[in-house]
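Single-structure report; data block below.
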């Protein structure tokens, strides 16, 4: 039998410990009292992620979202909402908290997320062009082909204020205009799907979930700039995205939405895939173009910019996947609509791959100007195991860390640059107290050292130099003057490197030194790693007063470094110890101490 | 499939919109939609998918359609499954193992009872569907 109402109660541990279980009981009682047992089903959900405002109660089918519901509220909730059919305003989630969406009032929702780029992801079957078409797919292309001039399209993009989502934030309308105005018998559109930042998977998910939106946007770009050919440069490591793109291209061909005389117009456009072999530098636009041309993927100095002199020397627009996915929506809903979302300088939304020590990792899309606190604590549900937030890393190896004092800074291009990070492509890695900041910087430097193409020496040698210093510091061999030498090296790299990879590679070091210099000092002066990550700085000892001689530590020690008879005090041989920390974890008496 | 003219495309969109609005095609009014991005598949969505199909066949539920979609973004609770049953609110379930998949069919689809402990929230409003 179908129930009339469904009461969903958040069953996350936070809500449970916040009287959620008693609330469930009270609601059941009240429903029985009101004689509604047949009309209402009470269901406990998974954690809904709003742990700070728990317990959460959601009533379907109206989708009413109640927060901070106490067991004492059960009576009112049942009587008002279920019996009289009206919401209880004082328990509703206050939408005004979401300032970024004030412009979109009239839409009734409590979510922090707003999906433009991911509009079809998780909604349509990506292998069926018909479903994309049903959701207004290829309607923007219709409009561009039959109702708009190229200048109109660019005007709309300019009005929207769309900026490149690959990291640098260059205005998309301008980029298209440069290419449109550049003389050339042949022009190209390139989609940069060479997503390489560790922990980033926004573009992959977009391509896998909504491949046609990229094809449509590229065709629109082709029509606008006068290009007849498009390439999607995608990493070979994304087999599913490639398969879905290939399928989408074939379907678009069959429908005449790609190829000669699209929809019976005089415009012809085609798209082919080009596979990258996983080199990070190929995400840099000039290296990417070289790779498409079949050459070694190394960057070249700019100008000339690709918009004027790109693929095979022809004017080429290079846009990132996320940037392109915005285009059809802007054409359909208008630049003014898009312009209302976001902050003064950064319009629209941003997709983030939220990962790391956060309870709810996931792919999220939020309006520009959303704060880190909203992202981590409301969408992400807070820090895993209720540890303390230490920092968030944005922008991957080119970005920086954001310390707790900026949790309430609205995220946009300018604000992130101001606090020493970058928007980047959208990786957002959350760190807690158990992450060592020097170790984090070392991780990213190792990445850029591995991925440096080696063409210019500031990047090739500078990166290695920085890495060596970090290695020294984490090994307890750092010197006080190393910090200044590192900053000097970083400055040289930023100024003299040929491309973005080298120019931004020192960012993780510079940014961590800016906010966590104290932690570097601890490593250098006190030979101490507060997070317990840098193995060579750790020492494990057994406190004889606490040790009961249970032998648990000796049994797990892989290096046989622990000796001691049963029921006798145990000791660790510092020479043999490999500092794996297993004894520390296994000891029930907290006798194994780490220092 | 043949190459479309502008007229054809508009007509196709209209009929497809109707189909999607009715949430029904070929007499199948119950839809089970499984997130099959790389993330979902890595978390076991293929097993979930085949369990759904097998259970539907086993119980002879001719009105149920099992479909795939991309990533919904709820990586922490993959595999995710959306269940649409007429006259019931649309529900998204997370952490749908094959066992949970069976329960979804037995309880949600057949008995119209929602499952405890697996419901997720839809992450955002839909800006396209009206």
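Which residues, counting only those in segment A:42-94, are within 14 Å of chain B (Cβ to nearest Cβ), over 29 Å from residue A:358 (Cβ atoms) and out of contact with any strand residue (DSSP E or B) (no Cβ under 8 Å at 6 or more places or on another chain)?
A:62
Identify, by number, the condition in (1) within 24 Å of residue A:478 (Cα to Cα); (2) modelled with pLDDT under 90; (3) surrounded by fewer than 16 Cβ atoms within 10 Å (Cβ to Cβ) that residue A:518 doesn't meet.
Of (1) within 24 Å of residue A:478 (Cα to Cα); (2) modelled with pLDDT under 90; (3) surrounded by fewer than 16 Cβ atoms within 10 Å (Cβ to Cβ), only one is false for residue A:518: (2).
I need the full set of residues from segment A:1-25 which are farther than 21 Å from residue A:63 by Cβ, surrounded by fewer than 20 Cβ atoms within 10 Å (Cβ to Cβ) and either away from chain B (no Cβ under 14 Å) or modelled with pLDDT under 85 (or both), in order please. Talk me through it step by step, then tell me what you get.
Residues of segment A:1-25 that are farther than 21 Å from residue A:63 by Cβ, as a first pass: A:1, A:13-14, A:16-19, A:21-22, A:25.
Then drop every residue that is not surrounded by fewer than 20 Cβ atoms within 10 Å (Cβ to Cβ), which leaves A:1, A:13, A:16-17, A:19, A:21-22, A:25.
A:1, A:13, A:16, A:17, A:19, A:22, A:25 - these are the residues of segment A:1-25 that are farther than 21 Å from residue A:63 by Cβ, surrounded by fewer than 20 Cβ atoms within 10 Å (Cβ to Cβ) and either away from chain B (no Cβ under 14 Å) or modelled with pLDDT under 85 (or both).
Taking the residues in segment B:49-75 that are part of a helix (DSSP H, G or I) and touching a strand residue (DSSP E or B) at 6+ places or on another chain (Cβ under 6 Å) as candidates, determine which candidate is nearest to the other protein chains (Cβ to nearest Cβ). Talk me through it step by step, then tell me what you get.
We begin by selecting, within segment B:49-75, every residue part of a helix (DSSP H, G or I); these are B:49-58, B:75.
In the following step, the residues that additionally are touching a strand residue (DSSP E or B) at 6+ places or on another chain (Cβ under 6 Å) were identified as B:49, B:52-53, B:56, B:75.
Details: B:49: 12, B:52: 15, B:53: 15, B:56: 17, B:75: 4 Å.
Within segment B:49-75, the match that is nearest to the other protein chains (Cβ to nearest Cβ) is B:75.
Of all residues in segment B:80-98, which are more than 12 Å from chain A (Cβ to nearest Cβ) and closer than 26 Å to residue A:114 by Cα?
Of everything in segment B:80-98, just one residue is more than 12 Å from chain A (Cβ to nearest Cβ) and closer than 26 Å to residue A:114 by Cα, namely B:83.
Which is buried (at least 19 other Cβ atoms within 10 Å of the Cβ), over 21 Å from residue A:165 (Cβ atoms), more than 15 Å from the chain's Cα centre (by Cα) and not assigned by TED's automatic domain parsing to the domain that holds residue A:321, of A:382, A:420?
When all the criteria are applied, what remains is A:382.
Does residue A:285 qualify as being under 19 Å from residue A:322 (Cβ atoms) and either at pLDDT below 95 or more than 12 Å from chain B (Cβ to nearest Cβ) (or both)?
Yes: the conditions hold for residue A:285.
So, residue B:101, is that one within 9 Å of another protein chain (Cβ to nearest Cβ) and either within 21 Å of residue A:64 (Cβ to Cβ) or surrounded by 21 or more Cβ atoms within 10 Å (Cβ to Cβ) (or both) or not?
It is false that residue B:101 is within 9 Å of another protein chain (Cβ to nearest Cβ) and either within 21 Å of residue A:64 (Cβ to Cβ) or surrounded by 21 or more Cβ atoms within 10 Å (Cβ to Cβ) (or both).
Among the listed residues A:287, A:277, A:252, identify the single one that is farther than 30 Å from residue A:454 by Cα and either buried (at least 18 other Cβ atoms within 10 Å of the Cβ) or in contact (Cβ under 8 Å) with a residue 40 or more places away in the chain (or both).
One residue alone meets the criteria, A:252.
Report, by residue number, each residue of segment B:116-130 that is surrounded by 15 or more Cβ atoms within 10 Å (Cβ to Cβ) and more than 7 Å from chain A (Cβ to nearest Cβ).
B:122 - this is the single residue of segment B:116-130 that is surrounded by 15 or more Cβ atoms within 10 Å (Cβ to Cβ) and more than 7 Å from chain A (Cβ to nearest Cβ).
Among the helices (runs of 4 or more DSSP H) lying completely within segment A:435-551, list those that include at least 1 residues that are out of contact with any helix residue (DSSP H, G or I) (no Cβ under 9 Å at 6 or more places or on another chain) and within 23 Å of residue A:399 (Cα to Cα).
By residue number, A:457-474, A:482-496, A:507-525.
Among the residues of segment A:131-169, how many are surrounded by fewer than 17 Cβ atoms within 10 Å (Cβ to Cβ) and either in a loop (DSSP other than H, G, I, E, B) or not assigned by TED's automatic domain parsing to the domain that holds residue A:328 (or both)?
3
When only residues in segment A:392-403 that are in contact with a strand residue (DSSP E or B) (Cβ under 6 Å, 6 or more places away or on another chain) and not in a strand (DSSP E or B) count, which is farthest from residue A:375 (Cα to Cα)? I'd like the intermediate steps shown before the answer.
Step one: of segment A:392-403, the residues in contact with a strand residue (DSSP E or B) (Cβ under 6 Å, 6 or more places away or on another chain) are A:392-394, A:396, A:401-403.
Add one more test, that the residue is not in a strand (DSSP E or B), and what stays is A:396, A:403.
Details: A:396: 17, A:403: 14 Å.
That would be A:396.
Just give me the residues in segment A:202-237 being in a loop (DSSP other than H, G, I, E, B) and buried (at least 24 other Cβ atoms within 10 Å of the Cβ), in sequence order.
So the first thing to find is which residues in segment A:202-237 are in a loop (DSSP other than H, G, I, E, B), and the list is A:210, A:226-228, A:236-237.
Passing the criteria: A:210, A:227.
What single numbered condition from (1) out of contact with any strand residue (DSSP E or B) (no Cβ under 7 Å at 6 or more places or on another chain); (2) assigned to a strand (DSSP E or B) fails to hold for residue A:7?
It is condition (1) that residue A:7 fails.
The values are calculated or read from the model by the stated rules, or taken from the named source; none is laboratory data. Computed from a prediction, not measured in an experiment: that's the story for all the values here. Using ideal geometry, Cβ is built from the backbone for each residue, glycine included, and neighbour counts are taken over all protein chains shown.
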